[in-house]
Amino acid sequence: MNTEESQATQPAVDAFLSAAVVDTTPAAPSLALFDHAAGLCKRYEALQCSPHTIARLRQALRVFLAYLENRHGITSADAITLESVHAFQAHLSQRFTEKGLPWKPASINTVIKAVRPFLDYLHELGYITRNLARHLQYVREPHLLPHSVLAHAQVRQLIRQIDTGTPTGVMDRAVIELLYSSGIRVGELEGLTLSDLDLEHGVARVMGKGRKERFVPIGKTALKWLTSYIRGVRPYMLRGGQTNAVFVNAMGQPLRQDRVRARIHEYTRELELAITVTPHTFRRSCTSEMIKGNANLYHVKQLLGHNSFETLNHYAKLDIADLRKTHERCHPREREEGASG
């Protein structure tokens with residue numbers, strides 16, 4: 001979202017949206033859009049939304065506020081019109097990335113997902129008299145097959161790149177094994193605490209999107225490396241620190257997502273894979289292997305913390321090669337050599 005419009009946003013907007021704490025001292029009613037954007041962010045914080053959700057909200061609202069000001073001269077809530085909302089919808093479809101590529105439907109919908117509740121918020125407060133949010137429509141996303149999926153053999157190849165003769169290597173192995181075994185999100189891994197783990201029974205409690213709690217199994221191999229890390233490496237890496245986070249960095253502080261991504265990138269750099277591997281790749285790969293192994297889709301949905309089966313439908317279509325082999329092996333006409341007519 002680093003575009004000309006967002007860069008041109010006045011400093012006051014960034015200051016308000018970047019603020020970790022918003023002043024709640026009673027003041028005269030304000031129509032300034034950046035005030036209301038900060039107020040919505042504060043509401044999300046009160047609802048205990050994840051920091052990443054709030055960061056995405058702020059980033060998307062910067063795009064919206066910058067557009068309104070730069071294209072229409074709108075800086076107050078009461079100046080927003082249906083025409084400006086429609087124009088913003090059209091503007092999103094014409095945006096380009098820094099590489100000159102058009103925005104993907106998912107990127108457009110990320111912005112819309114933030115702007116719609118913002119418009120609802122302004123309507124709720126009475127600053128706009130019409131419910132404009134319903135006029136901002138999500139764009140249809142193509143139902144593409146999941147990308148960035150590793151075969152099991154590729155995962156094993158990647159794991160062999162890790163030097164488990166070092167404390168950091170043991171932790172990295174435990175991280176990747178857990179991501180691949182349990183299919184948890186990197187944000188869920190980042191939030192794991194020691195009290196979330198039941199090593200005796202091989203179970204982890206994770207806090208998913210929307211602060212939804214679920215319990216996931218930890219496979220035998222992942223459990224072995226996780227136990228080795230917690231008992232033999234983590235105390236050394238803490239360096240006297242007091243954090244309850246399961247994974248810590250070399251300074252004894254909680255391990256952050258960006259560091260996990262960086263480490264995975266280092267391990268895959270020499271493998272010359274056709275895909276870019278991220279922490280989420282292991283979640284997709286876990287899902288793919290479970291479904292290929294004929295796992296109950298309800299159980300897979302529960303493992304991943306999904307609300308519906310819609311995402312899993314894409315994985316069910318993933319391996320057409322496997323389906324073709326099964327068809328050739330099982331269909332009677334395929335077994336009849338030289339069948340005709």
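Relative to the compact-globule estimate of 2.2 N^0.38 Å, the Cα radius of gyration of the range 50-160 comes out at 1.38. Counting only Cα atoms, the range 253-292 measures 38, 26, 10 Å along its principal axes, largest extent leading.
Annotation note: GluC sites (Glu not before Pro) in the range 55-147 located in DSSP loop regions with a Cβ neighbour count of at most 12 within 10 Å are 98. With 20 Å as the cut-off, how large is the P(r) tail for the range 230-313, expressed as percent of Cα-Cα pairs? Value for the range 230-313 (Cα pairs over 20 Å): 56 percent. Using alpha carbons only, how many angstrom separate the centre of the range 158-194 from the centre of the range 72-139? Spelled out, the Cα-based centre of one part sits 39 Å from the other. Computed over the range 150-223, the range of Cα coordinates on each principal axis works out to 34, 25, 21 Å, biggest value leading. Near the amide H of residue 95, within less than 5 Å, lie the amide hydrogens of 103, all on another chain or at least 5 residues away, with H placed in the peptide plane.
For the cross-link pairs 42/209; 220/301; 42/104; 99/301; 209/292; 113/209, the ones whose C-alpha atoms lie over 24 Å apart are 42/104; 99/301; 209/292. Computed on the Cα atoms alone, the convex hull of the range 152-276 gives a volume of 111 cubic angstrom per residue.
In the range 184-239, Rg over Rh equals 0.98, where Rg is the alpha-carbon radius of gyration and Rh the Kirkwood radius from pairwise Cα distances. DSSP loop (so not H, G, I, E, B), at most 12 other Cβ within 10 Å: list which trypsin sites (Lys or Arg not before Pro) in the range 79-123 pass both filters. Qualifying residues, ordered by number: 99.
Along the range 32-42 the Karplus relation, 6.51 cos²θ - 1.76 cosθ + 1.60 evaluated at θ = phi - 60°, assigns HN-Hα couplings of 5, 5, 5, 5, 6, 4, 5, x, 5, 4, 5 Hz to successive residues, with x for each Gly and Pro.
The numbers here are math on the coordinates, done by the rules we state, and not lab data. Keep in mind that this is a model prediction, so the values were computed, not measured. Every residue, glycine as well, gets a Cβ built from its backbone with ideal geometry; the counts of neighbours run over all protein chains shown.
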